[in-house]
1. Taking A29 as meeting all but one of (1) touching a helix residue (DSSP H, G or I) at 6+ places or on another chain (Cβ under 8 Å); (2) farther than 17 Å from P78 by Cβ; (3) at pLDDT below 95, write down the number of the exception.
2. What about I46, is it under 21 Å from W112 (Cα atoms), in a helix (DSSP H, G or I) and at pLDDT 95 or above?
3. Inside region 9-19, can you point out the residues that are surrounded by 15 or more Cβ atoms within 10 Å (Cβ to Cβ) and of a type outside the set (S, T, N, Q)?
4. Go through region 32-55 and give me each residue that's free of Cβ contacts under 8 Å to residues at least 40 places away in the same chain and surrounded by fewer than 17 Cβ atoms within 10 Å (Cβ to Cβ).
5. Specify which of the listed residues (R22, R28) is without any contact (Cβ under 8 Å) to a residue 60 or more places away in the chain, in a loop (DSSP other than H, G, I, E, B), open to solvent by 20 Å² or more (accessible area, probe 1.4 Å) and not aliphatic (A, V, I, L, M).
6. Out of the residues in region 52-95 that are of a type in the set (F, W, Y) and modelled with pLDDT of 95 or more, which is nearest to the chain's Cα centre (by Cα)?
7. Please verify whether S98 is hydroxyl-bearing (S, T, Y), modelled with pLDDT under 90 and surrounded by 15 or more Cβ atoms within 10 Å (Cβ to Cβ), treating the condition exactly as stated.
8. Give me the pairs, please: first residue somewhere in region 107-129 and closer than 12 Å to R5 by Cβ and buried (at least 16 other Cβ atoms within 10 Å of the Cβ), second residue anywhere and β-branched (V, I, T) and modelled with pLDDT of 75 or more, beta-carbon distance under 7 Å, and either six or more positions apart or on two chains.
Amino acid sequence: MSSIRFFVFIVVTLVVYIYILRWTLRARAVTPTAGVTASLAFIVVIVGMYFARFGANAGMPWPIYYGVPAATTLLLPPLVLRMRFSEFARYVVLAFASSPVIHAVFSLFVGWHEYMPFWNIPSLWGAGA
């Protein structure tokens, strides 16, 4: 995967993830600070995606290079933000649904299939870039 594509994937995922956190916690009287939200997004998205890329390139088994970021996504924000069950339920559904949706959008409309390479979605424009 090219560095430019990887950067675009990170930026899109980061924006989506921040909106997921903000929407999930929207009913709170006091929402987390921008610093807390940015820190969680940095760890979950940026560190997670670099870890997955490193793990895949280093030949780690997929349960490790997908499992560690998935576990971080599942556990860190609910613990740090002390989510109520209803917040946690919304967060988990949205956080884990976002990756396939992002992959589908990039695959269908741009022809980039690297986001989730094990799930083949053909491009609307042909073989893809």
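The values are calculated or read from the model by the stated rules, or taken from the named source; none is laboratory data. Worth saying up front: this structure is predicted, and the values here are computed from it rather than measured. Neighbour counts run over all protein chains shown; Cβ positions are idealised from the backbone, glycine included. Note: areas computed on protein heavy atoms with side chains; ligands, DNA, RNA excluded. Shrake-Rupley method; radii C 1.70, N 1.55, O 1.52, S 1.80 Å.
1. Condition not satisfied by A29: (1).
2. For I46, the condition - under 21 Å from W112 (Cα atoms), in a helix (DSSP H, G or I) and at pLDDT 95 or above - is met.
3. F9, I10, V12, L14, V16, Y17, I18 - these are the residues of region 9-19 that are surrounded by 15 or more Cβ atoms within 10 Å (Cβ to Cβ) and of a type outside the set (S, T, N, Q).
4. T33, A34, G35, A38, S39, F42, I43, I46, V47, Y50, F54
5. Answer to the check: R28.
6. Y91
7. No.
8. Partner pairs satisfying both residue conditions: Y115/I102.
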